[in-house]
Amino acid sequence: MSLPYLAEFGWSAHVLAVDPRYVEGFRDTVLLQTVPDDIPVTHVPALPAGVTRLFGLGSLGLRAYAPLSFAGDRLLRTRRFDLVYFSTTVFPSMGLGPVWKRRWGVPFVLDMQDPWVNDYYDRAGVKPPGGRLKYAFAQWLARRAEPAAMRGASRIISVSPGYPVSLRQRYPDLDADKFVVLPFGGSERDAEFVCTHSVQHTVFEPADGLVHWTYLGRGGADMGLALRGLFLALRTVRATDARINRLRLHFVGTSYASPGRAQPSVAPLARELGVDDLVSEQTGRIPYLEGLALLRSSDAVLLIGSDDASYSASKVYPCLLSARPLLAITHRDSLVGEVIRSCSNGAVAEFATGESAEVLAMRVEPELRRLLDLPRGTSARFDRAAFSPYTAREMTRRQCEVFDAALCSAQLSGRMMPSKRIDPLRRVRPQMAEG
């Protein structure tokens, strides 16, 4: 989302990414239309997953590590770059930062969108994605690669204030000034693109006479409390309000797993709590722009939060930009509630760590009744002025300030090679990107 705004703040980018043909799971080809035409992109292959899975390895980061390394070396050898920016959740690729810094004298910045070393599943006692054995192996690798990457980075951007806290606990020698909390931004350009290009979705028929509420995003065991609170409240409202029988709740894109391996995480809970006739789950992801169109055509939008307080859902911004009535069920220490209250009249039902689903349901119930009372087609209040600090343009401006600071630090430390001197008129960064 930052690519359209970089030039405005004195930066240009060259994207280094894995060829989408080698990425398992969902591919959003329409989204490529929003990448500016003047942004060069270098695609690299990866080892075929069908081959590596014979040896128990499917990780994109491992399959593409060598091709990314070779292509990055070639770019850094033949062109002038001032900074490498890793913006990806394919964490093994971040291990290239210290390598390229040592080899080519170029500083690097990490963008931590999720924890690399993560003990959440052990603490929560739930099964991690891919199973415990594969996850344990991934974490074993992470604990060996993360220290050099964190200590070598000029700056570390984090979407959540909780990540710097845990990282500094692991690495007390890291200076607090190295960390910058910078959530994802909301792209008004993308919302406008959906309207001007008449992007459509196929999840439901808006004119079928039913009332449609939509949640768009991943599911998982860490969202179990919020989902239970919602479904318990739904069951209570149903006992006294027949209108709810016309309601349909759509949960779309709940799994990152490739087709054939995705497991539903929402429908089983709905079935257990007796509201499965009102709930549908589509585990497969849909294109990003189609998702924005889905939110805009829904009668209301749901946002389900994690029981991990450090989880900061970037999907709150598309929800707000949809201008549809919104109900968020989220941890009280998450940033989500603060953003919603400052920019809209969306409802927020918050929960605390260790709270029961029954207690949460009592907070959710009145919000469900308020949503049912709204006439169909009601638009939510959306304060664009209050939303301005969360826009993609503003986040890019702050992102570029981080890049400037990283260059200054590298220059002052004397670690930049002479050919990488800062040129205020032309600064280039290669950006790592998944898929």
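Taking the stretch 256-285, which residues are out of contact with any Gly (no Cβ under 6 Å at 6 or more places or on another chain) and aliphatic (A, V, I, L, M)?
Ala257, Ala262, Ala267, Leu269, Ala270, Leu273, Val275, Leu278, Val279
Which residues, counting only those in the stretch 208-227, are out of contact with any Ser or Thr (no Cβ under 9 Å at 6 or more places or on another chain) and among the charged types (D, E, K, R)?
Across the stretch 208-227, the qualifying residue is only Asp208.
Looking at the stretch 174-196, which of its residues are surrounded by fewer than 19 Cβ atoms within 10 Å (Cβ to Cβ), under 15 Å from Val109 (Cβ atoms) and without any contact (Cβ under 8 Å) to a residue 60 or more places away in the chain?
Across the stretch 174-196, the qualifying residues are Leu174, Asp175, Asp177, Val181.
Those residues that are over 24 Å from the mean Cα position of the chain (by Cα), outside any loop (DSSP other than H, G, I, E, B) and modelled with pLDDT under 90, I need them from the stretch 345-392; list them, please.
None; the set is empty.
Which members of the stretch 393-418 meet the condition of being at pLDDT below 90 and surrounded by 14 or more Cβ atoms within 10 Å (Cβ to Cβ)?
Ser409, Ala410, Gln411, Arg415, Met416
Is it the case, given these coordinates, that Lys127 is in contact (Cβ under 8 Å) with a residue 40 or more places away in the chain and of a type in the set (D, E, K, R)?
So Lys127 passes the test.
Among the residues in the stretch 197-204, are any farther than 27 Å from Ser388 by Cα, aliphatic (A, V, I, L, M) and buried (at least 19 other Cβ atoms within 10 Å of the Cβ)?
Checking the stretch 197-204: at least one residue is farther than 27 Å from Ser388 by Cα, aliphatic (A, V, I, L, M) and buried (at least 19 other Cβ atoms within 10 Å of the Cβ).
Filter the stretch 243-270 down to the residues that are part of a loop (DSSP other than H, G, I, E, B), over 17 Å from the mean Cα position of the chain (by Cα) and either of a type in the set (Asp, Glu) or closer than 17 Å to Arg228 by Cα (or both) and list them by number.
Matches in the stretch 243-270: Pro264, Ser265, Val266.
In this structure, does Arg123 turn out to be of a type in the set (Lys, Arg), over 21 Å from His14 (Cα atoms) and modelled with pLDDT under 95?
The answer is yes for Arg123.
Of all residues in the stretch 291-306, how many are over 16 Å from Leu371 (Cβ atoms) and under 16 Å from the mean Cα position of the chain (by Cα)?
Residues meeting the conditions: 4.
Is it the case that the stretch 227-242 has a residue that's outside any helix (DSSP H, G or I), under 23 Å from the mean Cα position of the chain (by Cα), within 21 Å of Val316 (Cα to Cα) and outside the structural domain of Gly58 (by TED's automatic domain parsing)?
no
Which ranges mark the helices (runs of 4 or more DSSP H) fully within the stretch 26-115 that have 3 or more residues being modelled with pLDDT of 95 or more and not small (Gly, Ala, Ser)?
So the answer is 65-78, 96-104.
Within the stretch 134-173, how many residues turn out to be in a helix (DSSP H, G or I), in contact (Cβ under 8 Å) with a residue 12 or more places away in the chain and of a type outside the set (A, V, I, L, M, F, W, C)?
Residues meeting the conditions: 13.
Name the one entry in Val23, Val30 that is out of contact with any strand residue (DSSP E or B) (no Cβ under 8 Å at 6 or more places or on another chain), within 19 Å of Ala64 (Cα to Cα) and of a type in the set (A, V, I, L, M).
Only one candidate passes the filter, namely Val23.
When you go through (1) in a helix (DSSP H, G or I); (2) outside the structural domain of Pro318 (by TED's automatic domain parsing) one by one for Glu192, which number turns out not to apply?
Among (1) in a helix (DSSP H, G or I); (2) outside the structural domain of Pro318 (by TED's automatic domain parsing), Glu192 violates only (2).
Matching residues to (1) assigned by TED's automatic domain parsing to the domain that holds Gly253; (2) under 20 Å from Leu3 (Cα atoms); (3) crowded, with 16+ Cβ neighbours inside 10 Å:
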site: Trp100; (1), (2), (3): no, no, yes
site: Val109; (1), (2), (3): no, yes, yes
site: Val117; (1), (2), (3): no, no, yes
site: Arg123; (1), (2), (3): no, no, no
site: Arg143; (1), (2), (3): no, no, no
site: Ala153; (1), (2), (3): no, no, yes
site: Leu167; (1), (2), (3): no, no, yes
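The values are calculated or read from the model by the stated rules, or taken from the named source; none is laboratory data. What you see is a predicted model; the values in this text were computed from it and never measured. With ideal geometry, Cβ positions are generated from the backbone for all residues, glycine too; neighbour counts draw on all protein chains shown.
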